[in-house]
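Reviewing the structure listed below.
Since every read-out is calculated from the coordinates, none of them should be taken as a lab result. This is a predicted model, so every value here is computed, not measured. We place every Cβ from the backbone using ideal geometry, glycine too, and count neighbours over all the protein chains shown.
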């Protein structure tokens, strides 16, 4: 893995973190301001927040593996 590929993974991780954070804020806003009236939105929003966090975790793991591989070849 070269430096450009690692930079790409870092960029993907930052993007995934931003999206997960945005989803978490939206979920927080629903809980704080919308419940109990908007309870019907909770399952879909929870699922999309969970998926965004999974995407972040996969991006984090991919970057860590790439960095470890880079260190072992250096």
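Condition check: within 14 Å of the chain's Cα centre (by Cα), in a helix (DSSP H, G or I) and surrounded by fewer than 13 Cβ atoms within 10 Å (Cβ to Cβ). Does residue 47 satisfy that? Lay out the reasoning, then the answer.
Working: within 14 Å of the chain's Cα centre (by Cα): yes; in a helix (DSSP H, G or I): yes; surrounded by fewer than 13 Cβ atoms within 10 Å (Cβ to Cβ): yes.
Against the criterion (within 14 Å of the chain's Cα centre (by Cα), in a helix (DSSP H, G or I) and surrounded by fewer than 13 Cβ atoms within 10 Å (Cβ to Cβ)), residue 47 qualifies.
Any residue in segment 27-55 that's more than 23 Å from residue 13 (Cβ to Cβ): show its pairings with residues that are assigned to a loop (DSSP other than H, G, I, E, B) at Cβ separation under 8 Å, as long as the two are six or more apart or on different chains.
What qualifies is 30/38; 42/35.
Evaluate the following for residue 17: is it crowded, with 16+ Cβ neighbours inside 10 Å, touching a helix residue (DSSP H, G or I) at 6+ places or on another chain (Cβ under 9 Å) and part of a helix (DSSP H, G or I)? Give the derivation first.
On the way: crowded, with 16+ Cβ neighbours inside 10 Å: yes; touching a helix residue (DSSP H, G or I) at 6+ places or on another chain (Cβ under 9 Å): yes; part of a helix (DSSP H, G or I): yes.
So residue 17 passes the test.
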